[in-house]
1. Just to be sure I understand the curve: with the Debye formula and one point per C-alpha of the chain, what is log10 I(q)/I(0) at q = 0.13, 0.31 Å⁻¹?
2. Using a 1.4 angstrom probe, figure out how much accessible area the chain has per residue, in square angstrom, rounded to the nearest whole.
3. Rounding to the nearest 10 and keeping the result within 0 to 90°, find how far the Cα-based axis of helix 3-26 lies from the longest principal axis of the chain.
4. Leaving out ligands, DNA and RNA, what percent of the accessible area of the chain is carbon and sulfur, probe 1.4 Å?
5. In terms of modelled amide H atoms, which long-range or inter-chain residues lie less than 5 Å from the amide H of L29?
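The values are calculated or read from the model by the stated rules, or taken from the named source; none is laboratory data. Computed from a prediction, not measured in an experiment: that's the story for all the values here. Quick note on the areas: whole protein, heavy atoms, side chains included, nothing else; ligands and nucleic acids left out. Shrake-Rupley method; radii C 1.70, N 1.55, O 1.52, S 1.80 Å.
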Amino acid sequence: MRDADLAKTVRDAVATLNEALALAARHNLAVTLRTTAHQTTGGVERVVVDSQIFKQL
């Protein structure tokens, strides 16, 4: 995979996440994202995103 292809994949994923967050907000859901980084056995950093979803009353 070329760098340009990888960059497009990441941009598309971020756009999809933004759409999902906007949809959640319209339905009175609060979303908190927390990122952590882990190093794989191959020495590559892997970022993991955890979410917490709360219903706003």
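1. -0.49, -1.14
2. Numbers: 5070 Å² over 57 residues.
Per-residue value: 89 Å².
3. It is inclined by approximately 10 degrees.
4. Working: 2890 of 5070 Å².
Ligands and nucleic acids excluded, carbon and sulfur give 57 percent.
5. Amide H neighbours of L29, under 5 Å, 5+ apart: Q56.
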